[in-house]
Amino acid sequence: MPQAFINRIATANPSHDVHDAFLRFGRLMLSGDSRRVGLFNRMADRSGIAHRYSFLRPGVSDSAVDAEGFYQLGSFPDTAARMRKFETCAPSLAVKAVEKLLEDEDRSRITHLIVTSCTGFSAPGLDLAVVERCRLPSSIERVMVGFMGCYAAINALKLARHIVRSEPSARVLTVNLELCTLHLQETIKMEELLSFLLFSDGCAAALVSTDQKGVAIESFHAALIPDTSKLIRWHVRQQGFDMVLSGGVPSAIRAALVASRDAIFGGANDVELWAGPPGGRSVLDAVEQAFALPSSALSTSRSVLNDYGNMSSGTVMFVLDRVMRGDGAGGRRGCAMSFGPGLVAETMMFHLAA
């Protein structure tokens with residue numbers, strides 16, 4: 001049976017670095033309680049994040065969080081306003097990543113398009129915008145993967161692998177786009193503020209085919225963790241999408257990975273490359289502890305977390321991109337993984353093409 005390869009990956013982000021502006025917003029929400037401000041500052045210092053990007057220009061004042069006043073204090077936008085912003089901003093970011101990916105590609109050969117997103121929806125949607133603006137064949141087969149959170153990219157790669165193994169001439173374009181900063185909430189709850197501390201906007205595009213270059217996809221494994229459905233929740237509400245990210249996530253992940261180790265690795269003990277999930281510093285710590293990894297093993301994942309924060313479905317692809325661009329001999333084996341609502345751990349074994 002033909003083997004599927006991730007031939008290359010391209011990434012894109014909006015131009016505005018909003019991390020420092022968000023820290024000012026968090027302190028503003030907690031003002032008047034020096035103890036809680038101190039705790040927020042300590043958690044921010046320990047987050048492992050230095051930069052996060054948004055389509056909104058930063059600027060915290062007494063009345064607005066961003067320069068254009070989308071987030072007006074005391075009157076944050078409703079879901080309809082947030083979706084209108086998604087419809088305006090998401091297509092250009094997707095096109096930016098896809099154009100970078102397909103710069104030297106014969107676009108007439110692209111047969112399938114898979115788009116993942118959990119931060120905005122419209123119809124006609126991102127898939128058709130990409131087809132039109134990037135001049136892809138009108139006959140292209142399209143799939144939308146929605147509301148799966150951080151592990152959606154792994155599921156998109158599963159679909160792409162099925163396609164190219166059943167149709168060896170297929171060339172599958174995957175696009176993972178999230179505008180996470182679209183769902184900021186005005187809150188004084190510490191757990192919610194610390195969740196918002198993680199997330200940012202970004203897009204990754206990848207080409208999957210049977211061409212033997214890039215990363216060879218070996219296998220996938222999904223582990224649904226029992227009794228964890230309340231740890232990560234993502235619901236559409238009147239004031240945007242409401243996320244709950246429990247502090248119990250890292251320990252649940254650590255236990256699940258320990259229990260699933262053999263199923264994930266298939267008995268292999270030669271994993272050298274890691275595309276861990278930069279869902280947060282504590283999540284990477286949990287992976288490191290579960291597999292007893294040296295501190296250097298997840299350095300690429302930690303560098304993506306530092307440089308971009310958590311971009312939900314696109315994040316693991318940003319890590320894989322850096323792994324593929326690194327200096328490494330063909331044949332080296334690796335493991336990529338992401339976690340999301342369920343709680344589910346989605347993993348992919350791979351090796352660098354010769």
Compare 240, 146, 280 in a GNM of the chain, Cα atoms joined below 10 Å, and give the one with the largest fluctuation. 146
Gyration tensor on Cα atoms of the stretch 98-208, a ≥ b ≥ c root eigenvalues, a/c under 1.5 rounded, else prolate if a/b beats b/c, else oblate, says prolate
Scoring only Lys, Arg, Asp and Glu (+1, +1, -1, -1) among other residues with Cβ under 9 Å from the Cβ of residue 290 yields +1
For the stretch 287-320 and the stretch 199-267, distance of Cα centres in Å: 12 Å
Degrees separating the helix 299-308 axis from the principal Cα axis of the chain, which is the longest one: 50 degrees
Using 7 Å Cα-to-Cβ label points, what is the residue 106/residue 244 separation (nm, one decimal)? 5.3 nm
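Using the Cα centre as the reference, give the magnitude of the dipole from point charges on the C-beta atoms of the stretch 1-114 (Lys, Arg: +1; Asp, Glu: -1; all else neutral), rounded to the nearest 20 debye. Walk me through the numbers on the way to the answer.
Working: 16 positive and 14 negative charges, 80 e Å.
That gives the stretch 1-114 a dipole magnitude of about 380 debye.
Counting other Cβ atoms within 10 Å, keep those with at most 13, restrict to DSSP loop, and tell me which GluC sites (Glu not before Pro) in the stretch 43-126 are left.
Working: sites: 68, 87, 99, 103, 105; in loops: 68, 103, 105.
Within the stretch 43-126, the qualifying GluC sites (Glu not before Pro) (loop, at most 13 other Cβ atoms within 10 Å) are 68, 103.
Using the heavy atoms of the protein chains alone and a 1.4 angstrom probe, what is the accessible area of the chain per residue in square angstrom? Please list the in-between numbers first.
Values: 14530 Å² over 354 residues.
That works out to 41 Å² for each residue.
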What angle, in degrees between 0 and 90 and rounded to the nearest 10, separates the Cα long axis of helix 152-166 from the longest principal axis of the Cα atoms of the chain? 20 degrees
Most positive-pole-ward Cα, 183, 166, 151, against dipole of the stretch 126-202 from beta carbon charges: 166
If one compares the long axis through the Cα atoms of helix 315-325 with the longest principal axis of the Cα atoms of the chain, the angle in degrees, nearest 10, works out at 50 degrees
What is the local net charge at residue 270, summed over the other residues whose Cβ is closer than 13 Å to its Cβ (Lys, Arg +1; Asp, Glu -1)? 0
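In the chain, what percent of the accessible surface is made up of carbon and sulfur (1.4 Å probe, ligands and nucleic acids excluded)? Before the final figure, lay out each step's value.
Values: 7130 of 14530 Å².
Here it works out to 49 percent.
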222 nm [θ] for the chain, helices only, -39500 (n - 2.57) per DSSP H run of 4+, per residue, to 500? -11000 deg cm²/dmol
Restricted to pairs 8 or more residues apart or on different chains, the lysines in the chain with C-alpha atoms under 21 Å apart form a number of pairs equal to 4
Under 10 Å, Cα contacts only: if you run a Gaussian network model on the chain, which one of 152, 21, 216 comes out with the highest mean-square fluctuation? 21
Heads up, the chain by the C-alpha gyration tensor (a ≥ b ≥ c square roots of eigenvalues; a/c under 1.5 rounded, else a/b over b/c prolate, else oblate) looks oblate
Magnitude of the Cβ-charge dipole (Lys and Arg +1, Asp and Glu -1) of the stretch 103-191 about the Cα centre, nearest 20 debye, reported as 280 debye
So, R0 is 45 Å and r is the distance between the beta-carbons of residue 263 and residue 92; what FRET efficiency does that work out to, to 0.05? 0.65
Please list the non-local residues whose amide H lies under 5 Å from the amide H of residue 242, H modeled 1.01 Å from N, same-chain partners needing a gap of 5 or more. 235, 236, 237
With springs only between Cα atoms under 10 Å apart, run a GNM on the chain and tell me which of 228, 79, 88 wobbles the most. 88
Residue 73/residue 332 FRET efficiency (R0 51 Å; Cβ-Cβ; nearest 0.05): 0.50
If you place +1 on the Cβ of every Lys and Arg, -1 on the Cβ of every Asp and Glu, and leave all else neutral, what size is the dipole of the chain about its Cα centre, to the nearest 20 Debye? 180 debye
Going by a ≥ b ≥ c, the root eigenvalues of the Cα gyration tensor, does the stretch 84-141 fall in the rounded group (a/c under 1.5), the prolate group (a/b larger than b/c) or the oblate group? prolate
Using 7 Å Cα-to-Cβ label points, what is the residue 169/residue 299 separation (nm, one decimal)? 4.5 nm
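Determine the percent antiparallel among the DSSP beta bridges restricted to the chain, to the nearest 5. Mind showing how you got there, number by number?
Working: 45 of 61 bridges.
Among the beta bridges of the chain, antiparallel pairing accounts for roughly 75 percent.
The values are calculated or read from the model by the stated rules, or taken from the named source; none is laboratory data. From a predicted model like this one, the values you see are computed outputs, not experimental measurements. All Cβ positions, even for glycine, are placed from backbone atoms using ideal geometry, and neighbour counts span all protein chains on display. Protein only, heavy atoms only, side chains kept; ligands, DNA and RNA dropped before computing areas. Shrake-Rupley method; radii C 1.70, N 1.55, O 1.52, S 1.80 Å.
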